[in-house]
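Have a look at the structure below, then the notes.
The values are calculated or read from the model by the stated rules, or taken from the named source; none is laboratory data. Bear in mind that the values here come from a model prediction, so they are computed numbers and not experimental data. In this analysis, Cβ positions are derived from the backbone assuming ideal geometry, glycine residues included, and neighbour counts consider all displayed protein chains.
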Amino acid sequence: MNRLGLLQGRGGYGLLPEGVADAERTAKALEGITLDHLYSSDQQRAVETARIIRSHLDLPRIRLSGMLREMDYGKMQGRPDAEVRRLCPLWRSDATFLFPGGESFQLVQKRAFRWLERALRRHDRGRVAVVTHGGWLRTLFAGLKGVPLSRCLNGTVAHGLVGRLDVSKGKGLHLHLEPGVTIFPGR
């Protein structure tokens, strides 16, 4: 669906060869890091990515979570980007715009922070890897970086991105991204 310029959201298929290569590069970037847990969205493309990472790093289990799913574009899912922009002009300018039968960026951000809060309560020590989706990550990153959510509506997250979120009682949450990674246009 990405190749065809269609809104994928909760739909889509498994990984294409490029997606497999992205997952293998991600696994390689994680080599040498001891991971205690691996979480993944329960969508097919994320599960396939997590399986590749798990097999390369010899992790015992993948924990699936529906809270890590990509944005729900509702009735717009599977439609061409240009058509969605025409039918939903507020989509890329208003974080509260609710797709018919779907979600808004604001709702995705709330879901992302609910998942993060639960994960932090569940795992107060150790390292957790997360396989999720670009829209989910953009909303989480905006909140963690203190960037207005409206700034991430047109951004992208590269497939295979490896970032690190450090958590400490004294310093709170600190997000580290690969050098040169730009998530928010104009920043």
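Among (1) more than 20 Å from residue 142 (Cβ to Cβ); (2) part of a loop (DSSP other than H, G, I, E, B); (3) touching a residue at least 24 places away in the same chain (Cβ under 8 Å); (4) not basic (Lys, Arg), there is one condition residue 32 misses while meeting the rest; what is its number?
(3)
Return yes when residue 144 is among the aliphatic types (A, V, I, L, M), crowded, with 16+ Cβ neighbours inside 10 Å and farther than 21 Å from residue 40 by Cα and no when it is not.
Numbers: among the aliphatic types (A, V, I, L, M): yes; crowded, with 16+ Cβ neighbours inside 10 Å: yes; farther than 21 Å from residue 40 by Cα: no.
Judged against the criteria, residue 144 is not a match.
For segment 43-150, please list each of the helices (runs of 4 or more DSSP H) lying entirely inside it that holds at least 3 residues being more than 30 Å from residue 27 (Cβ to Cβ).
Details: elements: 44-57, 81-87, 105-122, 134-145.
Those helices (runs of 4 or more DSSP H) span 81-87, 105-122.
Every residue, every condition in (1) basic (Lys, Arg); (2) at pLDDT 95 or above, yes or no:
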| position | (1), (2) |
| --- | --- |
| 42 | no, yes |
| 61 | yes, no |
| 69 | yes, yes |
| 75 | yes, yes |
| 83 | no, yes |
| 103 | no, yes |
| 119 | no, no |
| 135 | no, no |
| 152 | no, no |
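Between 172, 186, 146, 180, which is farther than 21 Å from residue 2 by Cβ, at pLDDT 80 or above, over 15 Å from the mean Cα position of the chain (by Cα) and of a type in the set (Gly, Ala, Ser)?
On the way: 172 fails: at pLDDT 80 or above; 186 fails: at pLDDT 80 or above; 180 fails: at pLDDT 80 or above.
From the options 172, 186, 146, 180, the qualifying one is 146.
How many residues does segment 162-182 contain that are in a loop (DSSP other than H, G, I, E, B), without any contact (Cβ under 8 Å) to a residue 60 or more places away in the chain and not basic (Lys, Arg)?
The first filter runs over segment 162-182 and keeps only residues in a loop (DSSP other than H, G, I, E, B), leaving 162-163, 169-171, 177-182.
Pick out the ones that are also without any contact (Cβ under 8 Å) to a residue 60 or more places away in the chain and you get 163, 169-171, 177-182.
Next, only the ones that are not basic (Lys, Arg) stay: 163, 170, 177-182.
Qualifying residue count for the region: 8.
So which residues in segment 63-86 are free of Cβ contacts under 8 Å to residues at least 60 places away in the same chain and not small (Gly, Ala, Ser)?
63, 64, 67, 75, 83, 85, 86, listed by residue number.
Do you know which residues across segment 35-54 are surrounded by fewer than 17 Cβ atoms within 10 Å (Cβ to Cβ), touching a helix residue (DSSP H, G or I) at 6+ places or on another chain (Cβ under 8 Å) and without any contact (Cβ under 8 Å) to a residue 40 or more places away in the chain?
42, the sole residue that qualifies.
In the set 111, 138, 85, 92, which member is surrounded by 16 or more Cβ atoms within 10 Å (Cβ to Cβ), among the charged types (D, E, K, R) and within 19 Å of residue 6 (Cβ to Cβ)?
None of the others qualify; the one that does is 138.
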